[in-house]
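Enquirer: Quick one: this structure, given as structure tokens, is what I'll be asking you about.
The values are calculated or read from the model by the stated rules, or taken from the named source; none is laboratory data. Remember, predicted model here, so these are calculated numbers, not experimental data. Note that each Cβ is placed from the backbone with ideal geometry, even for glycine, and that neighbours are counted across all protein chains shown. Side chains included, ligands, DNA and RNA excluded: accessible areas come from the protein's heavy atoms. Shrake-Rupley method; radii C 1.70, N 1.55, O 1.52, S 1.80 Å.
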Amino acid sequence: MKRNLLWLQSGGCGGCSQSLFCAEAPDLFINLEAANIQLLWHPSLSETSGADFLSLLEQIKAGEIRLDILCLEGSVIRGPNGSGRFHMMANSPLPMMAWISELAAQAEHVVAVGTCAAYGGITAAGNNPSDACGLQYEGAESGGLLGESFRSRSGLPVVNIAGCPTHPNWITETLMTLTSRQSCEMALDGLGRPRSYVDHLVHHGCPRNEYYEYKASAEKHSDLGCLMENLGCVGTQAHGDCNIRLWNGEGSCLRGGYACINCTAPQFEEPGHPFTETPKIAGIPTGLPTDMPKAWFVALASLSKAATPARLKENATSDHIRVPPIQPRKRS
């Protein structure tokens, strides 16, 4: 039996859909076929619109069409004054948030695709004039639109595939798990994120790890060194397998020369400082690896810096490798 999936978009940029379309080896449609999923509707892939689309939603609400998976991309817009009227469903007297609530009540599984849908994300930044929130979280606090106690018909809370945007395989892998017989045993962390990808740190597999080990730091964005000490990288604290499960087969933020900004976490959008600057106290970064006591880190960092090979020290502040590793001497 095919599993029906409905994909809605609210307060967001659509970037998670664009990322999903980049799924490869296999591509999106092969993934959906393998997961036995029938796409009822997606804003970028479906032709149905207007009255026909509303009729589809009404049939789902009435239980005439089974809804196995409801995916929401983008945050829920509750403004102004809790009315939701900043985002009305086209051709409908109801705001989008009302439709989301009623459809979520019918769904076997409810999935938040992206950090906006999970926690509010970029849409909730600043003074949040649209009163944006996530499906089951408002920032790091449980609640959101559906409330802390919400459980879908499967018994699971909202599954938060956090990321800005999400890796396409995080989505397809989660959908496959939800349509498998083991869906009720799906492992989620304390923020509702699938453990399949958040049991890793972005630091794992980082191509700059040798520089990190010796605290050979970059001083500007084109440098090869570690980005943690000066350029705002929080890969040692951010949950995600970005440097293990590469994007488009070979990319990640760090491989592109940009610091990790922890986009899989609630409230990443407002770190309290520029994304590419590292806040420090007395020269020591305030954001340190999550599972290491600060005193240990400071002591080890001092030892590491004292032992930094000259090769790494020079290359760390260069835009290309100036000093290669020493070739072993040949025996005469």
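Enquirer: Which of 321, 139, 39 sits closest to the plus end of the dipole of the chain, meaning its Cα is farthest towards the positive end, when Lys and Arg get +1 and Asp and Glu get -1 on the C-beta?
Expert: Positive-end residue among those listed: 321.
Enquirer: HN-Hα J couplings of segment 3-15 from phi, Karplus 6.51/-1.76/1.60, θ = phi - 60°, integer Hz, Gly and Pro as x?
Expert: Whole-Hz 3J(HN,Hα) from phi for segment 3-15: 9, 8, 10, 10, 10, 10, 10, 10, x, x, 9, x, x.
Enquirer: How much net charge surrounds residue 173 when only other residues with a Cβ under 12 Å from its Cβ are counted (Lys, Arg +1; Asp, Glu -1)?
Expert: Values: positive: 195, 245; negative: 241.
Neighbourhood net charge equals +1.
Enquirer: Further, regarding this structure: Take the Cα of residue 148, step 7 Å along the line toward its Cβ, and report every residue of segment 171-204 whose backbone nitrogen sits under 18 Å from that point.
Expert: Backbone N within reach: 189-193.
Enquirer: Moving on to the next point. What do you reckon, how do 236, 123 stack up by accessible area (1.4 Å probe), largest on top?
Expert: 123, 236
Enquirer: Please calculate how many Å² of accessible area segment 259-332 carries per residue, with a 1.4 Å probe and no DNA, RNA or ligand atoms counted.
Expert: I get 71 Å² per residue for segment 259-332.
Enquirer: Continuing with the same structure: Where does each of 255, 245, 66 land when they are ordered by accessible area, with a 1.4 Å probe and the largest first?
Expert: 255, 66, 245
Enquirer: If you count only protein heavy atoms and use a 1.4 Å probe, how large is the accessible surface of residue 320, to the nearest 10 Å²?
Expert: Surface open to solvent at residue 320 totals about 90 Å².
Enquirer: Rounded to the nearest 10 degrees, what's the angle between the helix 96-106 long axis and the longest principal axis of the chain, both from Cα atoms, 0 to 90?
Expert: 80
Enquirer: Also: How high is the relative contact order of segment 205-256, in percent, with contacts defined as C-alpha pairs under 8 Å that are six or more residues apart?
Expert: Dividing the mean separation by the residue count of segment 205-256 yields 31 percent.
Enquirer: Rounded to the nearest 500 deg cm²/dmol, what is the calculated helix-only ellipticity per residue at 222 nm for the chain, with -39500 (n - 2.57) per DSSP H run of length n ≥ 4? Provide the component values of the computation, followed by the final result.
Expert: Working: 10 runs with 81 residues, N = 332.
Computed ellipticity for the chain at 222 nm equals -6500 deg cm²/dmol.
Enquirer: Where in segment 251-332 are there GluC sites (Glu not before Pro) that are in a DSSP coil and have at most 16 other Cβ atoms within 10 angstrom of their Cβ?
Expert: Filter output for segment 251-332: 277.
Enquirer: Still on this structure: Using only the alpha-carbon atoms, what does segment 10-111 span along each of its principal axes? Please give whole angstrom values in decreasing order.
Expert: Largest to smallest, the principal-axis extents are 45, 31, 24 Å.
Enquirer: Label 7 Å along Cα→Cβ of residue 36; segment 141-182 residues with amide nitrogen under 11 Å?
Expert: 179-182
Enquirer: Using a 1.4 angstrom probe, figure out how much accessible area segment 1-95 has per residue, in square angstrom, rounded to the nearest whole.
Expert: Heavy-atom SASA per residue in segment 1-95 reads 49 Å².
Enquirer: Here is a follow-up. Can you tell me how much longer the chain between residue 300 and residue 91 gets when fully stretched, taken as 0.36 nm per residue apart minus their C-alpha distance, in nm with one decimal?
Expert: Extra length from residue 300 to residue 91 when fully extended: 69.1 nm.
Enquirer: Where both residues lie in the chain, what percent of DSSP beta bridges are antiparallel, nearest 5?
Expert: Working: 11 of 29 bridges.
Taking every DSSP beta bridge with both residues in the chain, the antiparallel ones total about 40 percent.
Enquirer: I've got another one for you. Would you look at the GNM of the chain, springs on alpha carbons closer than 10 Å, and say which of 12, 283, 251 moves the most?
Expert: So, out of 12, 283, 251, the one fluctuating most is 283.
Enquirer: Quantify, in whole percent, the carbon and sulfur part of the accessible surface of the chain (1.4 Å probe; protein heavy atoms only).
Expert: Using a 1.4 Å probe with all protein chains present, the chain comes out at 53 percent carbon and sulfur.
Enquirer: Could you state the principal axis extents of the C-alpha atoms in segment 237-311, from the largest down, to the nearest angstrom?
Expert: Taking max minus min along each principal axis of the Cα atoms, segment 237-311 gives 38, 33, 22 Å.
Enquirer: What is the Cα convex hull volume of segment 59-129 when expressed per residue in Å³?
Expert: Considering the Cα atoms of segment 59-129, their hull volume per residue is 88 Å³.
Enquirer: In square nanometres, what is one fourth of the surface area of the convex hull spanned by the alpha carbons of segment 189-281?
Expert: If I average the Cα hull's projected area over directions, I get 6.5 nm².
Enquirer: May I pose another question? Using a Gaussian network model of the chain with C-alpha springs under 10 Å, which one of 26, 194, 157 is most mobile by mean-square fluctuation?
Expert: Result: 26 has the largest fluctuation of those listed.
Enquirer: So for 77, 261, 244, what's the accessible-area order with a 1.4 Å probe, most first?
Expert: 244, 261, 77
Enquirer: Multiply the residue gap between residue 329 and residue 128 by 0.36 nm, knock off their C-alpha separation, and tell me the result in nm, one decimal place. Write out the running numbers ahead of the final one.
Expert: On the way: separation 201, 0.36 × 201 = 72.36 nm, distance 6.28 nm.
Taking residue 329 through residue 128 to full extension adds about 66.1 nm, to one decimal.
Enquirer: Next question, about the same structure. Heavy atoms of the protein only, probe of 1.4 Å, neighbouring chains included. What is the accessible area of residue 151 in Å², nearest 10?
Expert: Its accessible surface works out to 120 Å², give or take rounding.
Enquirer: So what's the angle, to the nearest 10 degrees on a 0 to 90 scale, between helix 294-306 and the longest Cα principal axis of the chain?
Expert: For 294-306 against the chain, the angle is about 40 degrees.
Enquirer: For helix 168-178, what angle does its Cα long axis make with the longest principal axis of the chain, in degrees from 0 to 90 and rounded to 10?
Expert: 50
Enquirer: Sticking with this structure for a sec: Using square roots of five times the C-alpha gyration tensor eigenvalues, list the equivalent-ellipsoid semi-axes of segment 289-332 in whole Å, biggest first.
Expert: 30, 15, 9
Enquirer: What does the charge add up to near residue 18, with Lys and Arg as +1, Asp and Glu as -1, over the other residues with Cβ less than 15 Å from its Cβ?
Expert: Net charge in that neighbourhood comes out at -3.
Enquirer: Quick one: pull the percentage of alpha-carbon pairs in the chain with a separation above 24 Å.
Expert: Working: 32117 of 54946 pairs.
In whole percent, the share of Cα-Cα pairs in the chain beyond 24 Å is 58.
Enquirer: A follow-up question, please. When Lys and Arg each count +1 and Asp and Glu each count -1, what net charge do the other residues less than 11 Å away from residue 133, Cβ to Cβ, add up to?
Expert: Once positives and negatives cancel, what remains is -2.
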